[in-house]
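For reference, the structure discussed in these notes is given below.
The values are calculated or read from the model by the stated rules, or taken from the named source; none is laboratory data. Every value quoted in this text rests on a predicted model; they were computed, and no experiment measured them. Here Cβ is always computed from backbone atoms with ideal geometry, including for glycine, and neighbour counts include all displayed protein chains.
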Amino acid sequence: MSGAFIVDAHLHTGEHGPFFAPESGGRRLRSLMDRLAIERAILAGSWAALTRGGEAALADMRREHEESGGRIRYLGVFDPREAMESLRLLEKAKGWPGFQGIKLHPSFHRTPAEDPSYERAWSFAADNGLTILAHSWSPSEYNPVQALSLPSRYEGHVRRHPEVRFVMAHCGGRGSGRAEALRMAGTHPRVFLDLAGDIFCFHLLETLRNAVPEDRILFGSDYPWLDPRANISRVLLADVPDSWKRKVLRDNAIRAFALEERLS
C-alpha cells in the first residue's frame, strides 16, 4: 500500500504520572503518525481520564480528535466506583464526533473485572453498538493489582453480552495471562487482542498467528510509554505472510472498532 494506512488501536496522550514519557502531547503524536504511516489511532483514555475522570478530561480527548482532523478517535472511561457519573459522561459523549467506545481499567480503579458494577458499562456498549477496550494482564508479584485484570475475570461479561466487540489490551500480558487471553479469543467470536505494551517475547507474532483466528490481533503502540516503531517493527519483521501483517496493522482494527468509513 502507498500512503498512510496503519491503525494504532491503543495509545494515550497527556501527562502520565509515574511513567517516564517526556513527549506525550497530541502534537508529538500527530508528527509520529505522519512519519510512520499511521492513518488512524484510538486514544484509549488519557492519563487524566483514567485516574481522575471528569468532564474536562473527556473534553480534552474530543479536542485531540478535532485537532487531528478526525484521525484520532477516543474512548470514554468507565470507573465503577463512580458508575452513575461515568454513565452520565458516556451518554453525553456518545453523539460526539470521534467517540468510539469505552475503556475499562480494573487495576487502576481497584475493582475486579468481574464485579457486577461493570454491568452498566457492558449494557451501555451493547445498547449503543460501542467497543469495549479493557486492560488485561497476568499475575504479578511486584504489581499485585494486575490480578484484578486477569483475562478470565472478564469472561462472564463476554458471555452475557456476546454482541459487544471486546478488545483485551496487551494480549493478557505474559505467561498464564496470555494463555487465557488466547483461549478467550479462540472461543468468543467478538474478542480481540491488541499488541500494546511491553509484551516482548521471541516469535510473539508467529505464535499468535498459530493460536487465534487471523482477524483477532490488533497493532497497538501504547504511546507514549512505548514508541510506535517498537511494535510496528515487530509486525513488519515477523515471519508471517504480508496479508496477515496488513490485517494486524489495519483491517482488524477497522472491524474491532467499527470504523465504518473507508480509510484512504
First in the range 112-128 and of a type in the set (Gly, Ala, Ser), second anywhere and outside any helix (DSSP H, G or I), Cβ under 6 Å, 6 or more apart
Ala121/Phe78; Ala121/Ile102; Ala125/Ile102; Ala125/Ile132; Ala125/Val164; Ala126/His161; Ala126/Glu163; Ala126/Val164
Residue hits (the range 54-97; surrounded by fewer than 20 Cβ atoms within 10 Å (Cβ to Cβ), modelled with pLDDT under 95 and in contact with a Ser or Thr (Cβ under 9 Å, 6 or more places away or on another chain)) are Asp60
For a quick check of your reading of the model, give me the residue pairs whose first member lies in the range 1-22 and is surrounded by fewer than 20 Cβ atoms within 10 Å (Cβ to Cβ), whose second is assigned to a strand (DSSP E or B) and at pLDDT 95 or above, with beta-carbon atoms closer than 7 Å and at least 6 apart or on different chains.
Ala4/Ile38; Ala4/Glu39; Phe5/Glu39
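To keep it simple, each residue is scored yes or no on (1) of a type in the set (Gly, Ala, Ser); (2) touching a residue at least 24 places away in the same chain (Cβ under 8 Å); (3) in contact with an Asp or Glu (Cβ under 8 Å, 6 or more places away or on another chain).
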residue	(1), (2), (3)
Gly156	yes, yes, yes
Gly197	yes, yes, yes
Glu206	no, yes, yes
Asp215	no, yes, yes
Ser221	yes, yes, yes
Leu236	no, no, no
Lys245	no, no, no
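Residues checked against (1) among the aromatic types (Phe, Trp, Tyr); (2) surrounded by fewer than 19 Cβ atoms within 10 Å (Cβ to Cβ):
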residue	(1), (2)
Ala125	no, no
Ala134	no, no
Trp137	yes, no
Glu141	no, yes
Gln146	no, no
Leu150	no, no
Tyr154	yes, no
Val167	no, no
Note on the range 179-216: residues modelled with pLDDT of 95 or more and among the basic types (Lys, Arg) are Arg183, Arg190, Arg216
Out of all the residues in the range 167-199, which are within 14 Å of Ala113 (Cβ to Cβ) and among the aliphatic types (A, V, I, L, M)?
Val167, Met168, Ala169, Ala181, Met184, Val191
Qualifying residue in the range 176-192 (condition: aliphatic (A, V, I, L, M) and closer than 24 Å to Phe99 by Cβ)
yes
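For the range 124-157, what are the residues that are of a type in the set (S, T, N, Q), in contact with a strand residue (DSSP E or B) (Cβ under 8 Å, 6 or more places away or on another chain) and over 18 Å from Ile217 (Cα atoms)? So that I can check it myself, show each step before the final result.
Start the filter on the range 124-157 by keeping residues that are of a type in the set (S, T, N, Q), which leaves 128, 131, 136, 138, 140, 143, 146, 149, 152.
Pick out the ones that are also in contact with a strand residue (DSSP E or B) (Cβ under 8 Å, 6 or more places away or on another chain) and you get 131, 136, 149.
Within the range 124-157, Ser149 is the sole residue that qualifies.
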Name the residues in the range 62-107 that are of a type in the set (A, V, I, L, M, F, W, C) and over 15 Å from the mean Cα position of the chain (by Cα), would you?
Ala83, Met84, Leu87, Leu89, Leu90, Ala93, Trp96
So Thr51 clears everything in (1) surrounded by 18 or more Cβ atoms within 10 Å (Cβ to Cβ); (2) in contact (Cβ under 8 Å) with a residue 40 or more places away in the chain except one condition, right? Which one?
(1)
